[in-house]
Amino acid sequence: MGRREEGNARRVLLLVCVVVLVPAVVGQQQIVRPQPPSYAGRGSTVAGVPVAPVAQQTAPAAAAAIQQWNVFRYNPASAAVTELARLIGSILGQQHKAAVFSPVSIACALSLMLIGADSETKNELIRVLGFQQYRDHLHNIHQLYSEMLNDLAKTEFDRVPPVWRTSNPCYEDEDEEDAAAAAAEFPPQKDVIRVTNAVFVQEGFPLNASFAYYSKRYYNSTAANVPFGSNPARAAALINAWALRSTEGRIRDILSESVAAEAEMIVASALYFKGLWSEPFEQQATELKPFYPDGYGRESKLVPTMSTVGCYPYYDAHELDAKIVGLSYQGNKSALYIILPNNSTRQTMQEFQRRLTPAMIGEMVSKMAHRKMYLQMPKMHVTNTINLRDVLQRLGLNTIFNRGQSDLSGMVARSQPIELFATRFGESAVGPADPSSVIFPTDYYYSQEQSTGIRRGPGSSSSNSNNVNVATPEPVRVAAGPQLHVSEFIHRVELEINEKGTEGGAITTSTIFRALPSINFRIETPFLLLIGHDATRLPLFYGTIYDPTP
């Protein structure tokens, strides 16, 4: 249906662009062992409790802080994002061979909508985002999001890292000397994590001042006017250029001219991640090996498979009939976790993922310890474009997609309401009214330039000219303006996991151990992938992999 035919309905197209760029070693082959960093002089929090810098702590206090980390607690916002990942993943896993997505990016887009939502639309967003018990304190949740997004961008080491990062018992003294030499020749590189949020609005269609303020304050969201109606080709080009910049060139052409012509507003959230392995894979060791999309004994596919021998955090979760391994990045702030159910098939993986709560994930991570192992995992390049509209509707988010029921009235500035007061000439209880005390309807029309929350009459230059000096009779509110609704909710993911590097590094993994490891971790059946950030507990990427082939 064309825009002219939609009458008072306006469309909002939600675009969520996400990418992870090469979580691998680029340019050289090296081993960089995680070194216990110095945290002196920097405060932090553990489960929301402030922790003093190391230099200010007594030994018992420091030990208590470490013990508290072992519990692996989430704050309300990070727990809600992880639970949202479980819910979305349980649905996408039934439809895709590689159901990978970014919970952080999706949650940011939904939370931006929540700022401007009201009525049942607000209630549904609160339920889907998992904020029911905090509905009277949503500003605290938005503030938590703001702090976590700021933490993602930081590159300094965490005050209290996961226990598995603080010790490395796998290596002998000679290995540690080799690692120190390698680290001196190839200094570790920091992880790059960047979340970018933006709102693109039709020219002549101003945002609500409150929405613009809080979206900027909490989510650092920018706003720009684009010519959806008059020049959809240029509007699409501007938004595609934003996506290109926000993802370092990895995602482009997310918006077509035809889709732009139907839009009034686009809310976008992009997550860019780049991390280099602490323990790289040897490129020459990659070869075609079988992967079993539906478990052993069923049909297999030959896929490029990376192999290495190294020291990785690991836990055999007998209580869940699964195993977990972590691949750390050089920044020592995030890691790729692979969770593999025993005798995994597509069906058992789906059942396992549906019951895998944030608390279970935290319990496994807190019990991980470094172990020598032979590790084999598929090389992957996952590209997904997912319309999450049906998924979100199955989770209970319905009114926002219905033009007659959606209430996103807090997102846009209204040219109305016009407040018509009941005061009229000659009807004052105290006698004839002074004409200067009467508010005429034209006094409540305010231009786009004046849509700052201050009502002014024509030509006014200061708030002192507000002609509101009468008594306070009950206003008659004219019906609200056009309704906003969401037409589509597009989520674009590009995830690359490989072993990029060149020969000639200081040390190769084949020289690490004097004896073969006892653990063989072969990822060749369906598994769950999670790229997690240590300090915030946020799942940057999450999803089940049933078939790693492109």
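Some points to look at:
- Count of residues meeting criterion [within 20 Å of the chain's Cα centre (by Cα) and part of a strand (DSSP E or B)] in the stretch 328-346: 7
- Considering residues of the stretch 81-140 that are among the acidic types (Asp, Glu) and touching a residue at least 24 places away in the same chain (Cβ under 8 Å) only, the residue surrounded by the fewest Cβ atoms within 10 Å (Cβ to Cβ): Asp118
Listed here are the residues, each with its yes/no results for (1) touching a His at 6+ places or on another chain (Cβ under 6 Å); (2) open to solvent by less than 20 Å² (accessible area, probe 1.4 Å); (3) charged (D, E, K, R).
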| site | (1), (2), (3) |
| --- | --- |
| Pro313 | yes, yes, no |
| Asp316 | no, no, yes |
| Ile339 | no, yes, no |
| Asn342 | no, no, no |
| Met349 | no, yes, no |
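- Any hit, the stretch 323-332, residues being touching a Gly at 6+ places or on another chain (Cβ under 9 Å), surrounded by fewer than 20 Cβ atoms within 10 Å (Cβ to Cβ) and either among the acidic types (Asp, Glu) or under 30 Å from Ala535 (Cα atoms) (or both): no
- All conditions but one from (1) farther than 28 Å from Gln189 by Cβ; (2) in a strand (DSSP E or B) apply to Met349; the one that does not is (2).
- Yes/no for Glu156 being at pLDDT below 90 and surrounded by fewer than 18 Cβ atoms within 10 Å (Cβ to Cβ): yes
- Of the strands (runs of 3 or more DSSP E) lying entirely inside the stretch 185-294, those carrying at least 2 residues that are of a type in the set (D, E, K, R) are 287-291.
- Annotation: of all residues in the stretch 390-405 being part of a helix (DSSP H, G or I) and in contact (Cβ under 8 Å) with a residue 24 or more places away in the chain, the one that is surrounded by the most Cβ atoms within 10 Å (Cβ to Cβ) is Ile400.
- Sole residue being over 20 Å from Ile531 (Cβ atoms), touching a Phe, Trp or Tyr at 6+ places or on another chain (Cβ under 7 Å) and open to solvent by 10 Å² or more (accessible area, probe 1.4 Å), chosen from Glu264, Glu282: Glu264
- The stretch 235-254, residues that are in contact (Cβ under 8 Å) with a residue 24 or more places away in the chain, open to solvent by 10 Å² or more (accessible area, probe 1.4 Å) and farther than 26 Å from Leu152 by Cα: Leu238
The values are calculated or read from the model by the stated rules, or taken from the named source; none is laboratory data. Everything quoted here is computed from the prediction, not taken from an experiment. Note that each Cβ is placed from the backbone with ideal geometry, even for glycine, and that neighbours are counted across all protein chains shown. Heads up: the accessible areas ignore ligands, DNA and RNA and are worked out on the full protein's heavy atoms, side chains in. Shrake-Rupley method; radii C 1.70, N 1.55, O 1.52, S 1.80 Å.
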